Amino acid sequence: MLFSDHPRTHYRSTPIREVICQLRFPPILTINTTEPADFQEAIRAEFPQYARRQDAAPPRITGLGGPSPKVEQQPPVTNHNFVSEDGQWRLNLTKDFIALSTLRYPGWEEFARHLDMPLAAFIRLYKPAYFQRVGLRYVNVFSRSRLGLEGVKWAELFTPAYTAPLQEPDVEEDRVLNCGCDLTVKLDSSCQAKIHAGPGRLKQTAPGAPQDPEVKFILDMDLFMLGNTPCTLAAGALETLHGHSTRIFEGAVTDRLRDAMDAE
């Protein structure tokens, strides 16, 4: 199944690798050209570290359909990075989005608390017209060795919606080189989700870093709301997306995997 009404559960062995919340808005050019000193002062107690980088912007193609289309390079986008003292929380601000991410997810309520203050400061100082896209992404990585499930097949841990070929009796898991599921699904009248699920190896990109040989199962859920969301309704929109994420996650895992994750 894709969705489940299983009660929301906190697991001691959580598979969450990263959580990202991003809110996109119509471009505010002063963010790209002026240091956000007032914004930094408002959030500095929780995000004391600051760095700035220049991100390459995608080129713009003009004259499509005409005799001489042109590729125009766009100026770089300034990305302001504000980081917590322990380095586990990162706030990004550019001319068209604000985002919060963490590698240590403590639960939805605490995540929302970390977002409340900087989001309120951003709205107060920059007065965005509305949010064009409200997004919430959960990247889950399941390790059988960490959960004490060595030798257990993925088909016993995840529902057929994400493991259909691996459910077949004549398919040997270790002979399948690639078995991923990618889908975009409408959740309600305003929300959608892009989901990637399937086994794979995580690659270390740092030079000389040792590679992890274990095959893990990745469940990447990118939930979002399109349309013009008033700033006053952004928190409610995120609550709605979080509710959908619970139904998707619980719809993906089996009772055997729930037991191994150790519900609190």
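The values are calculated or read from the model by the stated rules, or taken from the named source; none is laboratory data. Since we're looking at a predicted model, the values are computed, not measured. Neighbour counts run over all protein chains shown; Cβ positions are idealised from the backbone, glycine included.
Here are the numbers for this structure:
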read-out	value
Answer from F224, F249 - the residue that is modelled with pLDDT of 95 or more and in contact with a strand residue (DSSP E or B) (Cβ under 6 Å, 6 or more places away or on another chain)	F224
Every pair of residues 6+ apart whose Cβ atoms lie under 6 Å, when the first sits in the range 135-151 and is buried (at least 21 other Cβ atoms within 10 Å of the Cβ) while the second is of a type in the set (F, W, Y)	G135/F224; F142/F217
Scan of the range 93-118 for residues that are in contact with a strand residue (DSSP E or B) (Cβ under 7 Å, 6 or more places away or on another chain) and part of a helix (DSSP H, G or I), ordered by number	F111, H114, L115, P118
Selection status of D212, in contact with a Lys or Arg (Cβ under 6 Å, 6 or more places away or on another chain) and either over 22 Å from S4 (Cα atoms) or in a strand (DSSP E or B) (or both)	no
Matching residues, the range 123-156, being basic (K, R), part of a loop (DSSP other than H, G, I, E, B) and in contact with a strand residue (DSSP E or B) (Cβ under 6 Å, 6 or more places away or on another chain)	none
Cβ pairs under 9 Å, 6+ apart, first in the range 236-264 and in the same structural domain as E150 (by TED's automatic domain parsing) and over 17 Å from I20 (Cα atoms), second in a helix (DSSP H, G or I) and basic (K, R)	E250/R258
Residue within the range 157-166 that is surrounded by fewer than 19 Cβ atoms within 10 Å (Cβ to Cβ), assigned to a helix (DSSP H, G or I), touching a strand residue (DSSP E or B) at 6+ places or on another chain (Cβ under 9 Å) and free of Cβ contacts under 8 Å to residues at least 24 places away in the same chain present	yes
Residues located in the range 113-139, provided they are under 30 Å from F158 (Cα atoms) and in contact with a helix residue (DSSP H, G or I) (Cβ under 7 Å, 6 or more places away or on another chain)	V134, L136, Y138
Qualifying position, being more than 30 Å from A263 (Cβ to Cβ) and either surrounded by 11 or more Cβ atoms within 10 Å (Cβ to Cβ) or touching a Leu at 6+ places or on another chain (Cβ under 6 Å) (or both), among I31, I16, I20, I61	I31
Cβ pairs under 6 Å, 6+ apart, first in the range 1-30 and touching a residue at least 12 places away in the same chain (Cβ under 8 Å), second in a strand (DSSP E or B) and exposed (fewer than 14 other Cβ atoms within 10 Å of the Cβ)	T9/A263; Y11/A263
Members of the range 39-51 found to be surrounded by 12 or more Cβ atoms within 10 Å (Cβ to Cβ) and either among the aromatic types (F, W, Y) or not in a loop (DSSP other than H, G, I, E, B) (or both), listed by number	F39, Q40, A42, I43, F47, Q49, Y50
